[in-house]
Structure formats: structure tokens, C-alpha cells
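K.L.:
Dropping the structure in here first, questions after.
Throughout, read-outs are computed from the coordinates displayed, never taken from laboratory work. From a predicted model like this one, the values you see are computed outputs, not experimental measurements. FYI the Cβ positions are ideal-geometry reconstructions off the backbone, even for glycines, and counts take in every protein chain you see.
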Amino acid sequence: MNTEMISAKLSEAIGKSPDEVSSLLEKLSTVIRDCCADMDAVAIPGFGTFQPEKRNETVVTDNKTGKSTLIPPTITVKFKSSVVLRKKFVG
Amino acid sequence: MNNKIPVKKLAEKLAAQSESDISVEKAEMLIKETFSAIIDKLACGESVTLNGLGTFSVSFNPNDPVTFTPDPEFAAEVNAPFSMFEAEELNDGVDVEQLQSLDIETGQNHIDDINECHPATTDAETDKDSSITLEENDNESAPNTQCPAEQLNNVENCNPTETQPEEMLQNVSGFSVEKHNTDSSKSQPESEPSSESYMSTTEEHADDSDITYIPEDEEEFVEYTIVKSRFGIGVLVGLLIGLVIGALAFIGYMIYFIN
């Protein structure tokens, strides 16, 4: 399932055309991306939280060759499922 | 930064940024309906992809039943502050603790250097003249412990704008007497204070103090010469243009009367 299928499904509920809903969904993605780029977490009730996390630099050593590599720090987006979603799937 | 954005605030942002006129309530309803539809599809075992955001899929992990894989563009945008870094292979014999201690030591040394060069000064200290401060420097028996910035401040305290250059030279030569005496008590015999002795002593400690005296006079002189030369060139050019215009007017006048 992709954005077009979701927008077709939501167009009746919102009262907008599928194209408008599709553009709104793209805007929604942009808003969530902007929030996460500012290191803000986005909480969707009943679904989960998009949480950007910073991982510090680490040194990884290859046991076979003995070479050490310095891995730079990174920021990744983690998704944490809400309790409602977990209960729905796990039961 | 490090805030938790609730769905209402998200809806406000979406309503503000959307091109189509949509209310905050409608935007909030759109967000809730969207993720509700995603949950329905995930419950059917399908994976859902939102353009620009990422892919949601079902996993068998009971602690995290839904996994999210961000869109590559999204991941790059979030990691933009560290995107310039790359993994570096360390040389043999380099230890992690060694790296950390090196960073701490160099940073602390740097801070110590800054503190030495810029100590907290009081008004009483700034009122001292250059001879006193440099004499203190000699008493510490540590050559070149005073940083150039501090030496520059000491020289500026002489107020060169208020005193004439000759008086300044006398003040400085007075300093050289004290300086020379302190040096002579160690190894050299006494000699008369002169500008030469000042030059010889300042070469050891403060080369910048010489530089501060001379450029002020030089700058004034250079500015004056530049202005004078421009004025001369302008007069010559003006005269030439005036002559040409006068000649043309005279020729035109003659042609008019001949005809």
C-alpha cells in the first residue's frame, strides 16, 4: 500500500479530492521530517512516536584483521510503537 | 529541540503549510485517519509506504510489532549535521582511551594558554605604565611569559595620542634604564639610557611595541601623500580638459564668424 491508495481511501472522509489528499499527505510527511530534523519527537496518539536519536562516535574493531575504525556520530529516526498498537498486534 | 510535538500542533503546522485551504480540525482528522488506515493495513499483514516519510512493516518482535524504515531522503535530512563525517580507519597502536585523553589534554592546554594570555585585569592594573609591567615581567625571571596581546595593551596604555613622540621616547628610554639596570645587576655594567638601549632591550621582549609607534606616523604621512598626489593629478586632468574645451569653443566661434 502506498500514498495514492491511502489518499483514495481518505478522500471521502476528508471531503477532498484524491489529488488534494495526496498533496496533503506529502505535506504531512514534510512537516514530520522538519520536526525530526529539529530533533523534536512527533507523537501520534494510538500509533507511536517518531523520535530522532543521536548516536555517539564509536570505535569498531575487526577481530579478524585487528583493524580499528572510528565510526562518526549519526542521528537516526526511531519509531516507537504506542501501547495501543502493541496490544492490538501482540494481543 | 528535544520537544515532543503533539498531534494538535502537528495539525496546526500542516494547516499553515498546506496550499489548499484546510482547517486545523480537518488537518487533525486527516492525520488520525491516515495512521488509522495504516494500522488497518498493517493488521492485514501488509507493509505501508508513505512518500517522503518511510515504510511501516509488521515484525514478529512482541516488544516492537511495527518497524519503521525511514525514507533515504528523510534519513539524510535528519543526519545532515553529521553528514560530512566518514568512517576513518585508525592506525595501528592507537587506543580509544589514548584518543580521549589526547582530546582532553589538548583542549585543557588550549584553555590554559588562553587564560595565560588574557588574565582578568583590574582598573588599577591598566593604569600602570609600561615600565612597571615589564619590570614585573623581569622580576618573574621567566622570559617571554607575557603574550604579545598583553604587551600591546601595555604599550597602548602610554596614550600615544596625548603625548608627543619625543615624550614617548623619553618615557620609553626611562623604562630602558630600569630594564637595563635589572639586566646589568646580573651580567652587564651600567650605561647611559638611550634609544639604542631601548631598541636592544625591546628586541628581546616586545617587537610589537616598535610596530605600534611607527605605523601611526607612517599612516598619517601616507594618507597625506596620497591625497596630495591625487589633487595634483586632478588639477592636471582638469586643466587639459579645460584647454581642449576652450580650443573647441574657439574653433567653433571662428567657423561661425567666417561663415
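K.L.:
Give the value in nm², to one decimal: projected area of the alpha carbon convex hull of region B:11-98, averaged over all directions.
P.N.:
10.4 nm²
K.L.:
Take chain A, drop everything but the C-alpha atoms, weight them equally and run the Debye formula without solvent; then report log10 I(q)/I(0) at 0.18, 0.23 Å⁻¹ to two decimals.
P.N.:
Rounded to two decimals, the profile gives -0.96, -1.12.
K.L.:
I'd like the Karplus ³J(HN,Hα) series for region A:39-55: coefficients 6.51, -1.76, 1.60, θ = phi - 60°, whole numbers in Hz, and an x wherever there's a Gly or Pro.
P.N.:
Coupling constants for region A:39-55: 6, 9, 8, 10, 9, 10, x, x, 10, x, 10, 8, 10, x, 10, 9, 10 Hz.
K.L.:
Could you sort A:49-61, A:75-87 so that the peptide with the highest average Cβ count within 10 Å comes first and the rest follow in order?
P.N.:
Values: A:49-61: 14.4, A:75-87: 16.8.
The most tightly packed comes first, giving A:75-87, A:49-61.
K.L.:
Given A:Ile75, A:Phe89, A:Gly15, which one lies farthest toward the positive end of the charge dipole of chain A, if we put +1 on the Cβ of every Lys and Arg and -1 on the Cβ of every Asp and Glu?
P.N.:
Positive-end residue among those listed: A:Phe89.
K.L.:
I've got another one for you. Calculate the mean, over all residues of peptide A:3-10, of how many other protein chain Cβ atoms lie within 10 angstrom of the residue's Cβ. Walk me through the numbers before you get to the answer.
P.N.:
Details: counts 7, 1, 5, 10, 4, 0, 5, 6.
What the average comes to for A:3-10 is 5.
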